[in-house]
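S.K.: Next up is a structure, given as C-alpha cells.
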Amino acid sequence: CPRCEVPIGLEGGCDHVVCPNCNGDFCYKCGTHLHLSGKGSFRKCKHCKVRYVDHRYEGITRVFFAVTSPLWVPIAIVWSVWTAALSIATCCCCCFYCCGVGLQESSGPPGDS
C-alpha cells in the first residue's frame, strides 16, 4: 500500500485495490493513489485512464438503484417506445413521400375526369 507500506498482492479482478489495513484505495497498475479522482462509487485513474467501481460503496449503490428503479424504469420504457414509434413514423413518412407512393400526377384539379 502506498500509504501505510503494507504489502498487497493482486490475484484477480480489477486494478482498484482497497488496503485492508488503512482502508485507503489506489490503482494497482500505477501503484499509487495520487492519480485517482472522483468520489463515491466511481473512481478514475488519470494516469491509466481507467474507470473503477469503488467496492466500498457497492452496497449503497445497489440500494440507491433498488429504491429509485420504480421511478426511472417506467420512464425508460416510455422513452424507448416513444423513440421506436417516432423512428417508424419517420421512416414511413420518408418512404411515402420520397418514393412517390403518395404522389401521383393528375392531369387536372381533383374531381376532374
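S.K.: Can you name the strands (runs of 3 or more DSSP E) wholly within the range 1-102 that have at least 1 residues being basic (Lys, Arg) and open to solvent by 100 Å² or more (accessible area, probe 1.4 Å)?
M.R.: Details: elements: 16-18, 25-27, 42-45, 50-53.
Hits in the range 1-102: 50-53.
S.K.: While we're looking at this one, here's another question. Pick from Lys44, Lys39: which is modelled with pLDDT under 80, closer than 30 Å to Val63 by Cα and among the basic types (Lys, Arg)?
M.R.: Values: Lys44 fails: modelled with pLDDT under 80.
None of the others qualify; the one that does is Lys39.
The values are calculated or read from the model by the stated rules, or taken from the named source; none is laboratory data. Because the structure is predicted, anything quoted here is derived from the model rather than measured. Ligands, DNA and RNA are excluded from the accessible area calculation, which covers all protein heavy atoms including side chains. Shrake-Rupley method; radii C 1.70, N 1.55, O 1.52, S 1.80 Å.
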